[in-house]
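Right, one structure below, let's go through it.
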Ligand SMILES: Cc1ncc(COP(=O)(O)O)c(C=O)c1O
């Protein structure tokens, strides 16, 4: 028997798992290739690979791990719920309690449904919006990721107001004819689109704060314009808060930013690290759903008791405002330090930080939309990523992803990360 190493774990995975990974972003193709680290377990702010190497984790599983890995409040709740049955298939009072908690935190979600992933939440929100409006078209913003269902795997076209083309093999070309992709933070192109195609659009899908071409804030007035223009055109606005929900404060970004969508999709954090999604809006819209209405959505695992228990435990923990304040302070220290280290090394970088989430782009800013994020230097990022990984810092293997500081990080991990960045920037300039 060979000892378990990252290398032989990777070889074994590639034999039985397509591409060796269960989600494509886990491969290292975008950062110069190489063997991904195979994780044995996580604890607090750390991950430990199968060879026993420790990493300070900023991937946070692409967002859900806000409390840190293996938080005892979550593991207790999970164990307790699992002992009572891991899936029930009939209603439970805990689902209602969880839905009540979400509605209290996000008033625009007057009624909601629990599903299993962010993809499902967005897919179902799009369907109910189409049922409510009786229209087929949707508008999304370039570079935003809303999950892997057909309608949203459509990339930016060659310019504003271009009807997109499907981006993934296996998505019928006819799908792209119903989806328009416009630039984020550009209300004029949305206005022009509605002028050209009135009365066609069911919904405009928007991440109110973008997390998928790095962290990007909406410019002042953009979200308000999206609402006004969409409503004038009879379209609904769907906020994808799968990343932003409970990220910066208890509740969603919409209340923090003072804007109210017609439908909201949640996922990631709200499950306390277990698979979950939720979508909801006004009673009138949600009344479209079967069996009261004609729009069908269902799920064997929807409202899963273990996910709901973990979600409730997570929401309890997040009610402590101090946690968010600490994460904010640590992320501010970290980004200030990274900026300084980059400057000392003569490396031009741009950092977009919102609370405990930020993206370090290689190149000059500002980064306000997908086009500017695309211009950032992927090769410089790849070298930085590999240098940091060798020094025990675990980042997402893509220049478009965020770093997430969790509530388990402390000043010690920030110091260690800054020392690693100091050495990595220097190494890049040798
Ligand atoms: C904004 C956004 N929406 C939806 C999704 C899809 O969520 P899931 O991976 O749980 O299906 C993601 C996943 O990264 C996301 O970032």
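Pairs needed: first member in region 142-155, more than 17 Å from residue 402 (Cα to Cα) and part of a helix (DSSP H, G or I); second member anywhere, more than 7 Å from the ligand (Cβ to nearest atom) and modelled with pLDDT under 90; C-beta distance under 7 Å; at least 6 residues apart or different chains.
150/171; 150/175; 151/175
Of these, 202, 192, 225, which one is over 19 Å from the mean Cα position of the chain (by Cα), outside any loop (DSSP other than H, G, I, E, B) and crowded, with 19+ Cβ neighbours inside 10 Å?
Numbers: 192 fails: crowded, with 19+ Cβ neighbours inside 10 Å; 225 fails: crowded, with 19+ Cβ neighbours inside 10 Å.
Of the residues listed, the single one that is over 19 Å from the mean Cα position of the chain (by Cα), outside any loop (DSSP other than H, G, I, E, B) and crowded, with 19+ Cβ neighbours inside 10 Å is 202.
Take region 42-52 and flag every residue that is over 22 Å from the mean Cα position of the chain (by Cα) and either surrounded by fewer than 15 Cβ atoms within 10 Å (Cβ to Cβ) or not assigned by TED's automatic domain parsing to the domain that holds residue 25 (or both). First the steps, then the outcome.
Looking only at region 42-52, we keep the residues that are over 22 Å from the mean Cα position of the chain (by Cα), and these are 48-52.
The answer is 51, 52.
Would a scan of region 228-250 turn up a residue that is more than 15 Å from residue 121 (Cβ to Cβ), within 12 Å of the ligand (Cβ to nearest atom) and not in a loop (DSSP other than H, G, I, E, B)?
No - not one qualifying residue is present in region 228-250.
So which of 277, 271 ends up being under 17 Å from residue 68 (Cα atoms), within 13 Å of the ligand (Cβ to nearest atom), surrounded by 24 or more Cβ atoms within 10 Å (Cβ to Cβ) and in the same structural domain as residue 101 (by TED's automatic domain parsing)? Before the answer, list the steps.
Numbers: 277 fails: under 17 Å from residue 68 (Cα atoms).
Going through 277, 271 in turn, the sole match is 271.
Give region 54-76 a look and list any residue that's more than 17 Å from residue 334 (Cα to Cα) and away from the ligand (no atom under 16 Å from the Cβ), or say none.
Correct list: 54, 67, 68, 69, 70, 71, 72, 73, 74, 75, 76.
Condition check ((1) free of Cβ contacts under 8 Å to residues at least 24 places away in the same chain; (2) assigned to a helix (DSSP H, G or I)) across all residues:
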{"residue": "338", "(1), (2)": "no, yes"}
{"residue": "353", "(1), (2)": "no, no"}
{"residue": "366", "(1), (2)": "yes, no"}
{"residue": "376", "(1), (2)": "no, no"}
{"residue": "384", "(1), (2)": "no, yes"}
{"residue": "406", "(1), (2)": "no, no"}
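Give me the pairs: first residue in region 5-18 and in a helix (DSSP H, G or I), second residue surrounded by fewer than 14 Cβ atoms within 10 Å (Cβ to Cβ), beta-carbon distance under 8 Å, and six or more apart or on different chains, which are they?
8/2
List pairs: first in region 218-244 and assigned by TED's automatic domain parsing to the domain that holds residue 284 and touching a residue at least 40 places away in the same chain (Cβ under 8 Å), second more than 16 Å from the ligand (Cβ to nearest atom) and part of a helix (DSSP H, G or I), Cβ under 6 Å, 6+ apart or cross-chain?
229/190; 229/191; 229/194
Quick check on this structure: which one of 121, 129 is within 16 Å of the ligand (Cβ to nearest atom), crowded, with 23+ Cβ neighbours inside 10 Å, part of a helix (DSSP H, G or I) and under 16 Å from the mean Cα position of the chain (by Cα)?
Just one listed residue meets the conditions, 121.
Could you list, in sequence order, the residues of region 251-268 that are under 22 Å from residue 59 (Cα atoms) and within 16 Å of the ligand (Cβ to nearest atom)?
252, 253, 265, 266, 267, 268
Taking residue 261, is it in contact (Cβ under 8 Å) with a residue 12 or more places away in the chain, in the same structural domain as residue 183 (by TED's automatic domain parsing), surrounded by 19 or more Cβ atoms within 10 Å (Cβ to Cβ) and touching a helix residue (DSSP H, G or I) at 6+ places or on another chain (Cβ under 8 Å)?
yes
The values are calculated or read from the model by the stated rules, or taken from the named source; none is laboratory data. It should be emphasised that the depicted structure is a prediction, and the values quoted were computed from it without experimental measurement. With ideal geometry, Cβ positions are generated from the backbone for all residues, glycine too; neighbour counts draw on all protein chains shown.
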